[in-house]
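Scroll down for the structure; my scribbles are underneath it.
The values are calculated or read from the model by the stated rules, or taken from the named source; none is laboratory data. What you see is a predicted model, and the numbers here were worked out from it, not measured in a lab. Neighbour counts run over all protein chains shown; Cβ positions are idealised from the backbone, glycine included. Ligands, DNA and RNA are excluded from the accessible area calculation, which covers all protein heavy atoms including side chains. Shrake-Rupley method; radii C 1.70, N 1.55, O 1.52, S 1.80 Å.
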Amino acid sequence: EELQSDRELAAVRQRGKAMQHASEELQADRVAVLAAVRQRGRALEHASEELQSDRELAAVRQRGKAMQHASEELQADRVAVLAAVRQRGRALEHASEELQSDR
């Protein structure tokens, strides 16, 4: 079982897309999810609900793409949205309606 976990972690670090096939344990592991999101922002979609609400993970240096898969709470978080928008203006498309209309 430990060998399987090591393989999953290596796969996720190598290719963020592997997070979709990872165990629930790995999908809840902040370090593994961070590595995956750095590779592929969309990997946040396959993280645990708790990690989908993690401000840092949603704003990770992946051109703001992770915001699309962040929790609704985080999509309404001004600080997280601004960090994502600074990296990729289109991240605003995934912000709450309230923040989208905020001028």
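State yes or no: is D6 open to solvent by 10 Å² or more (accessible area, probe 1.4 Å), of a type in the set (D, E) and at pLDDT below 80?
Numbers: open to solvent by 10 Å² or more (accessible area, probe 1.4 Å): yes; of a type in the set (D, E): yes; at pLDDT below 80: yes.
The answer is yes for D6.
In region 73-99, the residues that are free of Cβ contacts under 8 Å to residues at least 24 places away in the same chain form Cβ pairs under 7 Å with partners that are open to solvent by 80 Å² or more (accessible area, probe 1.4 Å), at six or more places apart or across chains, as follows: L74/R55; A76/E98; D77/R55.
For region 31-56, taking the residues that are within 22 Å of H94 (Cα to Cα), part of a helix (DSSP H, G or I) and in contact with a Leu (Cβ under 7 Å, 6 or more places away or on another chain), the one that is most open to solvent (accessible area, probe 1.4 Å) is identified as R55.
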